[in-house]
Amino acid sequence: MKRFNSLLVANRGEIASRIIRTAKRLGYRTVAVYSDADAGAPHVQLADDAVRIGPGAVSESYLLAANILEAAAKSGAQAIHPGYGFLSENADFADAVEKAGLIFIGPTREAIEVMGNKAESKRRMIAAGVPCVPGYEGHEQSDQVLIAEGNKIALPLMVKAAAGGGGRGMRLVQEYGDLANAIKLARAEAESAFGSGELILEKAIIQPRHVEIQVFADTMGNTIHLGERDCSVQRRHQKVIEEAPCPIMTPELRQQMGQSAIDAAKSVNYRGAGTVEFLLDASGEFYFLEMNTRLQVEHPVTELITGLDLVALQIQVAQGEPLGMVQQDVSFDGAAIEVRLYTEDPSQDFLPASGPVHLWQPATGIGVRVDAGICSGQDISPFYDPMVAKIIGYGPDRETARLRLMQALKETVLFGTANNKDFLIQCLEKQSFVDGAATTAFIGEEFTDADLGVSMPSFEDAAVAAVIELTLEYQRHKANSLLISDSLQNWTSASALVSRKRYLFDEITRDISVSPVSKSPDTYLASDSAVEHSATIQLLSLIGNSAKLSVNGIHKTATFMSPQAGQLYCSIDGSSALYKDMIILDGAVGEAGGGGRVVAPMHGLLLEVLVKPGDKVIAGQSLVVLEAMKMHYEIIAEIDGIVEHVMAIAGNQVAADDLLIEILEQNKEA
């Protein structure tokens, strides 16, 4: 096999950075690719060389195989690592890489082609004796046939894109009457995301665990597994928390699942790193779900308990070298838990969010690993998946790993764009997760809409934010003044100074009054008359973006950032919020949607506009289909009424909060 000493990473974000680090440690020259939206991204700065491949949209950059191959030719790269997502499971791309005389760091075209299609892979697994979920995986794909076959499967059932994964092109059907619409939506999403509308149908296994086996194979016929990962905590079929080992795994079950995974890999002459995913039910029966023919997002938990670098192993196998180990050599030590940090808004049904990164400050510490693809000052683009970092806790046992991970999350700061950090902490605190009992139903069972709503910071936290903001205001004023002594701060010859901060939190306010305590430098009395609370706050230090304070004698640490007057991002002992002072902003918050005003919840592409002026609509009716961050979203009517105006045009890009449709509520005068 041809050897190489340089490689191009055909990806972006945290996985590109992670691959580049290992490759550089091993002495390889590394080449990054980037779109216009990623010109200043960390992976570009980390690589030895970088090549532009097009505009921000993935269809014009990261998904264009010709642009990737041209970048390899320009840079002199001899191998291509696809990472995950984008072209990583594209059989034509793998084939084109090798036909161009380059090494593809991944499996063969045949393996990708078979395992990348849920229907074909399921047929192959049945032939190989691997347990599979009952369903329909036939070649006939007309809506009529799919509906007829679906009606033969006991409810509930799943409609799945045959060519994809990650929750895209997937719908759960609880009633046979909903099957036709589920097929329509899943097919449209699959065609957009994967270029194929082929679907399969499967009986939905209720409340299973999602357990996957990491396999590795070299080119000399050696295939082993590296144990399992439990990926049961999911929302919309996308993983949120992963861990190794599975909390309920036994040596006997690991051996059975591991052997099935090896059988699956051998059935397609597999090469490199792959993951065989299973559903594990309460009785201990397991069923083949799919095989991912690439490195997984959650591979760090396997690395931490095995001591292996999976990217280094991928490069080793791609060089034609043997794995250098047999199954008996694989051992497991400790436990690791990983969470995915997404820029999304849990209070808005986990809608993806794009916007600025005002401050990114990842945690450090014993037993903590952070794989990130962002930096302070950049923007989160609407073009890509909203996962921006992975935070992993590791320890000698599961509880130590969990506690370290929770502390790491509390120390992690991401200001500027809505994110799921607080939600992840809530997940790790739930008793069912502590007990290792989480199934794929975990989020639905453990969280209500109220749990996911906008949280109201405590009075003490709001008071701390007020003191910090007032201090920053004083520093700005002093910087613009001449010959002002620090001793004059908070001094007045009149009555006591009182400053007011009126913070808005989703239509709820905290009205904070702050007065300096005489003869006590940097000490303030804060109060909120609405809740009859007060607190004495002493500012002990304020350096950079960090402040140390005493609140009623209890020491607290705050990390903060003020992007503009009247706005302060503040994380206090791990609890983060955006404090908007409406006294300064003076009503500058834009008019929100709701009721008869239907606005875009995020930046995206309008795929379908389902109504026209004069149409009668009812609450819950679909109005518009929006594509954003590789998912399709139905925007629905909140009221019954008549469509008055339609500004939405199919095929147009829209920004968050753009007005799409206006509805005149019934029984109301125009």
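Since every read-out is calculated from the coordinates, none of them should be taken as a lab result. Just so it is clear, the structure is predicted and the values come from calculations on it, not from any experiment. With ideal geometry, Cβ positions are generated from the backbone for all residues, glycine too; neighbour counts draw on all protein chains shown.
Pull out the extension gain between Asp36 and Glu252, defined as 0.36 nm times the separation in residues minus the alpha carbon to alpha carbon distance; nm, one decimal.
72.7 nm
Per residue Cα convex hull volume for the chain, in cubic angstrom?
184
Could you put His603, His139, His358 in order, starting from the residue whose Cβ has the fewest other Cβ atoms within 10 Å?
His139, His358, His603
Arrange the following residues from fewest to most other Cβ atoms within 10 Å of their Cβ: Leu280, Leu542.
Ranked by crowding around the Cβ, least crowded first: Leu542, Leu280.
Structure shown: which of Lys410/Lys556; Lys390/Lys580; Lys390/Lys421; Lys390/Lys556 lie over 18 Å apart, alpha-carbon to alpha-carbon?
The pairs that break the limit, which is 18 Å between Cα atoms, are Lys390/Lys580; Lys390/Lys556.
What chymotrypsin sites (Phe, Trp or Tyr not before Pro) in segment 503-607 are in a loop by DSSP, with at most 15 other Cβ atoms within 10 Å of the Cβ?
Here no chymotrypsin sites (Phe, Trp or Tyr not before Pro) fit, given the DSSP loop and packing criteria.
Within segment 120-226, report the GluC sites (Glu not before Pro) that DSSP leaves as loop and that have at most 13 other Cβ atoms within 10 Å.
Glu140, Glu175
When the chain is fully extended, how far beyond the present Cα-Cα distance does Val498 get from Glu473, taking 0.36 nm per residue of separation?
7.6 nm
What does the net charge come to around Asp573 if you take all other residues with beta carbon closer than 11 Å to its beta carbon, with K and R at +1 and D and E at -1?
Net local charge, Asp573 excluded: -1.
If I take every Cα pair under 8 Å that is 6 or more residues apart in the chain, average their sequence separation and divide by the length, what percent do I get for the relative contact order?
Computed value for the chain: 9 percent relative contact order.
For segment 12-153, what percent of Cα pairs sit more than 18 Å apart?
Everything past 18 Å amounts to 63 percent.
Considering only DSSP states other than H, G, I, E and B, which trypsin sites (Lys or Arg not before Pro) in segment 105-187 qualify as loop sites with at most 13 other Cβ atoms within 10 Å?
Counting only loop positions with at most 13 other Cβ atoms within 10 Å, the trypsin sites (Lys or Arg not before Pro) in segment 105-187 are Lys152.
Would you mind telling me the antiparallel percentage of the DSSP bridges in the chain, rounded to 5?
90
Determine which residues of segment 303-317 fall in the zone a paramagnetic label at Asp329 would reach in this model, i.e. backbone nitrogen under 16 Å from the point 7 Å along Cα→Cβ.
Under 16 Å, as judged by backbone N against the label point of Asp329, lie 306-317 of segment 303-317.
Mind pulling the angle between the C-alpha long axis of helix 65-75 and the longest principal axis of the chain? Nearest 10 degrees, somewhere in 0 to 90.
80
Give me the distance in nm between label points sitting 7 Å out from Cα along the Cα-to-Cβ direction at Ala437 and Ala73, one decimal.
Label-label distance for Ala437 and Ala73, simple model: 6.1 nm.
Just to confirm the number: angle between the C-alpha axis of helix 251-266 and the first principal axis of the chain, 0 to 90 degrees, nearest 10?
That works out to roughly 60 degrees.
Say each of Leu155 and Asn552 gets a label point 7 Å from the Cα, pointing the same way as Cα to Cβ; how far apart are those two points in nm?
5.3
By the scheme Lys and Arg +1, Asp and Glu -1, what is the net charge of all other residues having a beta-carbon under 10 Å from that of Pro82?
0
How much length, in nm to one decimal, is gained on full extension between Ser515 and Met582, taken as 0.36 nm per residue of separation minus their Cα-Cα distance?
22.2 nm
Please list, by residue number, everything in segment 70-92 whose backbone N is under 15 Å from a paramagnetic label point 7 Å out along Cα→Cβ of Asn5.
What the label zone holds, given the 15 Å backbone N cut-off, is 76-79.
Using alpha carbons only, how many degrees (0 to 90, rounded to 10) separate the axis of helix 398-411 from the longest principal axis of the chain?
50
Along the Cα→Cβ direction, 7 angstrom out, place labels at Glu60 and Ser455. What is the inter-label distance in nm?
With each label point 7 Å from Cα toward Cβ, the separation is 4.0 nm.
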